[in-house]
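Heads up: the structure comes next, in C-alpha cells.
Read-outs throughout are calculated quantities, based only on the coordinates presented, and are distinct from any laboratory measurement. No experiment lies behind these values; they were computed from the predicted model shown. So basically every Cβ, Gly included, is an ideal-geometry build from the backbone, and we count neighbours across all protein chains shown.
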Amino acid sequence: MQTKLRQYNAAATVTLRLRDYWTTDFYDTALAEGDVQISKDDGAWANVGTLATKVQTNEYQQTLTGAELTAARITLRIADQTDPKAFIDLSISIETFGHASAQIVTDLSAFGAEVTGIKTVTDVIPDAGAMTSVATASGISGLDGKIDTITAYEVAILEDTGTTLNDKLDVIDGIVDAILVDTGTTLLDLLEADRYLDTTGDPWTLEVRRKGTATALLTKELYTVAGDNVNAATDVIGRHTEE
C-alpha cells in the first residue's frame, strides 16, 4: 500500500497509476462510478465526491476536498466494479498533518519555506575564488576590522611598557635559567635529590644534596609554626589532622 502525506482539511490531489489486469501494461481507460472509494479513520466506505480523471496516458488524478481530508488517516480503494476485472486493485493510505486531529500535528507545509530559504542561501555560495564577495555580503568582512582593533590594542600595551611579548618571554626564561645556573643544578636534580637534617646549628637546617653525593644544592632553615627556631626534637614544625 502506498502512503502519502496531505494537509488536514485542505483540498489536494493524488496521482494514480493502475496496472492492467490481464497484461503487464498500465491501465489506460476511463474509470467508472464506484471504482474509487474513501474511508476516513477506518470508517465506512463511500464513493469519492469527484471521480478520478485521466490527465495523460496511463495516469489519473484524484481530487479530494477539504472535507474528505478531515481525518487522521484516509484510505483510498481503487477497485474495478466489473467482472472480470479490467485493472488490478490499488490501495493508497493518506496521513494528514497540520491540525490537532491530524495524524501529524505539526504543520509540515511550513517547512517548505525553510527548505526554500536554505536552497536560496546555498545557491548563492560561490566558488573559492569568489568567497570574498560572499563574506562582504554577509557581514563577515567586519570581523577583519575587529581583529585589527584587538591587534592595535596589543601593540599599544607593549609599546607603553617599552617591550614586546617576545621580550617578556625571554626575561622569564632567563630568570629560570639563572636560578638553575646559580645552584649548578637542574630541575631533575632537585626532584631526585637526597634530603638531610642538620642539627648542629640553631636553628636546625634541611639540606638538599645532589643524589648520591655530598654536594649541597639547597639549604633551608627550619622554624616552628610560632616562628621560633627549630632546635629540639620536640619542636612543632607542622600539623596534620586526619578526618
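Per-residue Cβ neighbour counts within 10 Å put D80, D198 in the sequence D198, D80, beginning with the fewest. Ordered by the number of other Cβ atoms lying within 10 Å of each residue's own Cβ, fewest first, V225, V230 fall into the sequence V225, V230.
The HN-Hα couplings worked out from phi for segment 19-33 by the Karplus form 6.51 cos²θ - 1.76 cosθ + 1.60 (θ = phi - 60°) are 9, 4, 5, 9, 10, 8, 7, 7, 6, 9, 10, 4, 7, 10, 3 Hz, whole numbers, x standing for Gly and Pro. Computed from backbone phi with θ = phi - 60° and the Karplus coefficients 6.51, -1.76 and 1.60, the 3J(HN,Hα) list for segment 210-222 is 4, 3, x, 10, 9, 6, 7, 9, 7, 10, 10, 6, 10 Hz; x is used for glycine and proline. The ranking of E221, E33 from fewest to most other beta carbons within 10 Å of each one's beta carbon is E33, E221.
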